[in-house]
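Everything on this sheet refers to the single structure shown next.
The values are calculated or read from the model by the stated rules, or taken from the named source; none is laboratory data. All values reported here derive from a predicted model rather than from experimental measurement. FYI the Cβ positions are ideal-geometry reconstructions off the backbone, even for glycines, and counts take in every protein chain you see.
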Amino acid sequence: MKIESYKIVGWDNFETGILLDENADWILIKSVPENYQVDGYKFLNKNHIESRFEAENSDLTRKVLELKGIEIIKPNILKLTDTIEILQSIEEKYGCFEFQDDVEDELFYGVLGDFNKESFSIDFIKSDGTIDYEFDEVFEVNEVRTITFDSDYFNSIRLLYNYFKEHKK
């Protein structure tokens, strides 16, 4: 079990996680946002990683996870491909996706709208699980830093969104 920290260009905080897979463009980790806490999966765009290194206290974290009996399983539903395919794959499995661009403090939840190789739009999902029909931002594909799924907060948003989607009036 390899626990690494990643410095994202322009961000103050590190992303830390258990390395699961990687290719030339993306790294897939099981996120470890705090010592001894495991919460969701995260794709990290290698084009925006300034540095990567063994996480601080990784031996102790590894031991605690072992003592807790936490199994780290690589999700078999996803392949490391391009940004749009990753978003589509997560949306197909969970009903929506979460990503971050160059602004560290902003999370975007949504479903894909129009897209091409360079840009995409989303139907933005608010924190109450409803769609914000006023949201009209277009995102650059190459600006996506992280794509997250199956975290506690992500699952809360997706459950609300999927509930309201199924119970429309």
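Can you tell me which residue in the range 1-28 is nearest to SER156 (Cα to Cα), limited to those that are surrounded by 14 or more Cβ atoms within 10 Å (Cβ to Cβ) and touching a residue at least 60 places away in the same chain (Cβ under 8 Å)? Across the range 1-28, the extreme among qualifying residues is GLU15. One residue stands out in the range 129-146 among those that are modelled with pLDDT of 95 or more and part of a loop (DSSP other than H, G, I, E, B): the one that is nearest to GLY17 (Cα to Cα), namely ARG145. Entry remark, the range 82-102: residues being out of contact with any strand residue (DSSP E or B) (no Cβ under 7 Å at 6 or more places or on another chain) and in contact (Cβ under 8 Å) with a residue 12 or more places away in the chain number 6 in total. Filtered by the rule that a residue be in contact (Cβ under 8 Å) with a residue 60 or more places away in the chain, among the charged types (D, E, K, R) and more than 16 Å from ILE122 (Cβ to Cβ), the range 132-169 gives ASP150, ASP152. Just to verify a result, which residue in the range 29-62, among those that are without any contact (Cβ under 8 Å) to a residue 40 or more places away in the chain and under 25 Å from THR83 (Cβ atoms), is surrounded by the most Cβ atoms within 10 Å (Cβ to Cβ)? So, considering only residues that are without any contact (Cβ under 8 Å) to a residue 40 or more places away in the chain and under 25 Å from THR83 (Cβ atoms), the one surrounded by the most Cβ atoms within 10 Å (Cβ to Cβ) is ILE29. Note on the range 9-21: residues that are in contact with a Phe, Trp or Tyr (Cβ under 8 Å, 6 or more places away or on another chain) and of a type in the set (A, V, I, L, M) total 1.
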